[in-house]
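S.K.: Next up is a structure, given as structure tokens.
The values are calculated or read from the model by the stated rules, or taken from the named source; none is laboratory data. Bear in mind the structure is a predicted one, so any value in this text is a computation, not a measurement. Here the Cβ positions follow ideal geometry from the backbone for every residue, glycine too, while neighbour counts run over all protein chains shown. Surface areas here come from the heavy atoms of the whole protein model, side chains and all, with no ligands, DNA or RNA. Shrake-Rupley method; radii C 1.70, N 1.55, O 1.52, S 1.80 Å.
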Amino acid sequence: MEGKTAQGVVSRRGVWGWMFFDWAAQPFFTVVTTFIFGPYFVSRMVADPALGQAAWGYGIAAAGLVIAILSPVLGSIADQTGPRKPWIGFFAVIQIVSLALLWFAAPGSGVVPVLILFAFATVAAEFSIVFNDSMLPRLVPGPDIGRISNLAWGLGYLGGMIALIAIVLFIAGSPETGRTIIGTKPLFGLDPTTGEDARITGPIAALWYLVFVLPMFLFTPDAAKGSKAGPAVRAGLLELRATLGEVRGKAGIFRFLVARMIYQDGVNALLALGGAFAALMFGWSITEIGVYGIILNIVAIFGCWAASRLDTAFGSKKVVIVSLAMLTVATIGIVSTGKGYTLFGLLPLPGSDTGGLFGTPAEKAYVVFGLLVGLAFGPVQASSRSYLARSVSVHDAGRYFGIYALAGRATSFAAPFLVATVTAASGSPRLGMAVIILFLLGGLGILLPTPYPAARPDD
């Protein structure tokens, strides 16, 4: 595959280097945010699990607020300075240091410093994604954008799954037995009783990112150098103001960005809080949450592979709509499942705990709904990225992907904040998680009449 861009011809190696960014970045979201460290924080660092979920939600909300404010500014500045790699490198240092320091998040230690480190890592990761995403229109021709975007996302889930499998098999131990799921002692002499098997995920994600982001730096061509930093900041801020006014005049793009602002908020909250919610509902250990995450990532890889073909055949919009419908059904199923029932009691689940992983019928039902999440949460994000990439020009990619990041984060504090607030006020994590459904349905309702590509006039 050779793509002619403003930079010339991008080789396969250059495209694969860009795709490997997702491989490098995903373990942070998989093992730290969702399936290992996050549930550990909620269930073991804080005495009251409901307050733990609330604190974790507020931490995510704070990071989201910073991302919402600064992402479009940085996107516009990047368009003026030109190259994206220096920005990615700068934020990589912040992300790697913050993740490495999570090792010190022992049970009973201060919650606020841990949340600050996690927020720094999240902000740095998301800013890096803004710059990486804005490189996509320069690398491949328009018809290939959806396929490459979904394949890169699938590659990311593969990387996250491999990291998660390694942690579950060789590192995550039972506090009762001190053994992993395969019966061995955790590597490096880690002590599960003090949470070392969960805390090590921060340094592991940092090292993984450091190693595997290198192909993008070495092989993927960057934009030509533009203005110096000082003038670029001034010009970027002026350009941002002009872009915001320009977007308001483009009804299709504006509607798409508003829709994504709402549904992505729900998707982010579901991904960030889903593992912790399972730990609270069923008392899952790190091993059980890890196995659940592995199942979801296996399904996610298949979902992204299928979506890469469906996106090319039917367009990004249809993939996003179907994915949002699946996520809505899955979230309803997850929050309606309890001991002995699912779907709010309409479907009783007789049977006793058989022991082992996912021993009760309710846990098995939860896993089934989780399969829908796994199938849909990759395509909804990857095809949203290709939706916009097909709707803007190469030269406008940086500033529009900055606005795109804003649309994905402008209210990203809202869903975690509402989940945390409803949970804290009601004492019910189930009611808190139900808030996510409103965001998914609201975004879907706005997206349905939006043109595709978004720059095309309404029919």
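S.K.: Across region 302-325, what is the number of residues that are within 17 Å of G370 (Cβ to Cβ) and surrounded by fewer than 21 Cβ atoms within 10 Å (Cβ to Cβ)?
M.R.: Residues meeting the conditions: 2.
S.K.: Can you say whether V168 is open to solvent by 10 Å² or more (accessible area, probe 1.4 Å), in a helix (DSSP H, G or I) and of a type outside the set (G, A, S), as far as the supplied structure shows?
M.R.: Here the answer is no, as V168 does not meet what is asked.
S.K.: Exactly one of these conditions fails for S109: (1) assigned to a helix (DSSP H, G or I); (2) modelled with pLDDT of 80 or more; (3) within 27 Å of A198 (Cα to Cα). Give me its number.
M.R.: Every condition holds for S109 apart from (1).
S.K.: Scan region 91-101 and tell me whether some residue there is surrounded by 24 or more Cβ atoms within 10 Å (Cβ to Cβ) and under 21 Å from F20 (Cα atoms).
M.R.: Of all residues in region 91-101, those surrounded by 24 or more Cβ atoms within 10 Å (Cβ to Cβ) come to 95, 99.
Retained after the next criterion (residues that are under 21 Å from F20 (Cα atoms)): 95, 99.
Within region 91-101 (the criterion being surrounded by 24 or more Cβ atoms within 10 Å (Cβ to Cβ) and under 21 Å from F20 (Cα atoms)), the answer is yes, since at least one residue qualifies.
One line per residue, one yes/no per condition, for (1) under 16 Å from L271 (Cα atoms); (2) modelled with pLDDT of 85 or more; (3) open to solvent by less than 10 Å² (accessible area, probe 1.4 Å); (4) in a helix (DSSP H, G or I):
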position: G17; (1), (2), (3), (4): no, yes, yes, yes
position: V31; (1), (2), (3), (4): yes, yes, yes, yes
position: F41; (1), (2), (3), (4): yes, yes, yes, yes
position: G52; (1), (2), (3), (4): no, no, yes, yes
position: G59; (1), (2), (3), (4): yes, no, yes, yes
position: A62; (1), (2), (3), (4): no, no, no, yes
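S.K.: Check whether at least one residue in region 142-153 is closer than 25 Å to F41 by Cα and in contact with a Phe, Trp or Tyr (Cβ under 9 Å, 6 or more places away or on another chain), and report yes or no. Talk me through it step by step, then tell me what you get.
M.R.: Within region 142-153, the subset closer than 25 Å to F41 by Cα is none.
Within region 142-153, none of the residues are closer than 25 Å to F41 by Cα and in contact with a Phe, Trp or Tyr (Cβ under 9 Å, 6 or more places away or on another chain).
S.K.: For region 116-126, state whether one or more residues are within 29 Å of I298 (Cβ to Cβ), at pLDDT below 80, among the aliphatic types (A, V, I, L, M) and in contact with a helix residue (DSSP H, G or I) (Cβ under 9 Å, 6 or more places away or on another chain).
M.R.: No.
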